[in-house]
1. Order these by the 10 Å Cβ neighbour count, fewest first: Leu71, Leu79, Leu207.
2. Any idea what the relative contact order of segment 108-205 is, in percent, if you count C-alpha pairs under 8 Å spaced at least 6 apart?
3. Among the chymotrypsin sites (Phe, Trp or Tyr not before Pro) within segment 145-245, which fall in a DSSP loop and have no more than 15 other Cβ atoms within 10 Å of their own Cβ?
4. As a test, work out the antiparallel percent of DSSP beta bridges whose residues both lie in the chain, rounded to the nearest 5.
5. Give me, ordered by chain and number, the residues 5 or more places off Cys56 or on other chains with an amide H under 5 Å from its own placed amide H.
6. Quick one: order Leu128, Leu221 by neighbouring beta-carbon count within 10 Å, fewest to most.
7. Test of understanding: ordering Phe77, Phe289 by Cβ neighbours within 10 Å, fewest first, what list do you get?
8. How much mean residue ellipticity at 222 nm does the chain get from its helices, if each DSSP H run of length 4 or more adds -39500 (n - 2.57) and you divide by all residues, to the nearest 500 deg cm²/dmol?
Amino acid sequence: GASAGSGVPKASDLGTKVRAKPRTSSTNRVLVTGGAGFVGSHLCDFLVARGDTVICLDNFFTGDKSNIAHLIGKPNFELIRHDVVEPIPLEVDQVYHLACPASPVHYKYNPVKTIKTNVIGTLNMLGLAKRVRARFLLTSTSEVYGDPLQHPQTEDYWGNVNPIGERSCYDEGKRVAETLAFDYHREHNLEVRVARIFNTYGPRMALDDGRVVSNFVSQALMGTPMTVYGDGSQTRSFQYVSDLVAGLVALMDGDHTGPMNIGNPGEFTMLELANVVKEVVNPDAKITFRPNTADDPGRRKPDITRAKTLLGWEPKVALRDGLVKMKDDFAERLGLNKSK
Ligand code: NAD
Ligand code: UDP
Ligand code: UDP
């Protein structure tokens, strides 16, 4: 026990549980990798507002300082420029591991780097979590289901993925990342959480992101035709970013490892999406057709029974409402008059 009178335990009393830095309060210390990106910055906002001490780590490949500029200077926020492919020692209680380009345009730009980020980057962050006994959450993706033969997709579906295609650096990369997370859980008793995120949109998506919602919204705002790839009959299910943040936090703070689908089951063809964007953003918007990309999944829709039952979570924001919020943010960043 502690020596009489001082009330301070000696380091030797603490044995292997000794921490590198004594904790002065019960504050939750959280590492958010990829924290300067689209989803990461909204997650940082939530955690900082809740009173956690947040370390945002990012190499700014697709993220931007402007996404977290308003947090700089807050006493419970810290920013580190670092690439997760390189090891780094940090002392935290929770790790939200988001670092990875998410748009097909970005992850295909340097596919070998994407694989390194998913494999070596995830290994490093798991090694960090293991060293400090932190809880680790991986943001995996609906892409692990590939071009799915089961519809809608439940978590026990193993997927239909091309191992040598243009998308493989991302979907196979995330599948390895999931394997690593579960092996650290089984072999080292690490507390892990695996979220399989379905297509998410909202303010702060990069203007050059290349994903379908950001493309259609900026095209409709600029008065250029919305580019529908293929015949536009392929489907996706679109989730607003605040619903995703609520789901990730519920998963991290809850008792279930997952994998857990986090998505909005509202399913739209790309032609339907174009028409909703037209309705919400610009009634004069036109559509033009472009050839589709290789291995594009034909349809995608989450079965969210597991998250509903185990986390008590479900999405709240309908596509039309989310698009309105996104339109205002994009108009401002494109330098357009909001009332247009
Ligand atoms: P994003 O590209 O906006 O954010 C990714 C962030 O990670 C960026 O800030 C980027 O600079 C950073 N990053 C990339 N490589 C890094 C590296 N090697 N080291 C450090 N930082 C690095 O994408 P997003 O939409 O915010 O996605 C966040 C996470 O969620 C990703 O892991 C993605 O795979 C996952 N996800 C997103 C969606 C979606 O629809 N947004 C769907 C499924 C999964
Ligand atoms: N690692 C890290 N930060 C840490 C602890 C580990 O980046 O605080 C890296 C470490 O460099 C290694 C990886 O995480 O490359 C896996 O670590 P682990 O201890 O699991 O494996 P080992 O070092 O034994 O290969
Ligand atoms: N897409 C489209 N027009 C665009 C960008 C994408 O029709 O300008 C299509 C794309 O072919 C795919 C769907 O929209 O079928 C979703 O693509 P995105 O890149 O947003 O995400 P993915 O789900 O493929 O990762």
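1. Lowest to highest Cβ neighbour count: Leu207, Leu79, Leu71.
2. Relative contact order, segment 108-205: 40 percent.
3. Filter output for segment 145-245: Trp158.
4. 10 percent
5. Close amide H contacts, sequence-distant or interchain: Val32, Glu78, Leu79, Ile80.
6. By the 10 Å Cβ count, ascending, the order reads Leu221, Leu128.
7. If I rank by nearby Cβ atoms, fewest first, I get Phe289, Phe77.
8. -10500 deg cm²/dmol
Every read-out reported here was derived from the displayed coordinates using simple, explicitly stated rules and does not represent laboratory data. Just so you know, these numbers come straight off a predicted model, no measurement behind them. Please note: Cβ atoms are built from the backbone with ideal geometry, for glycine as well, and neighbour counts cover all protein chains shown.
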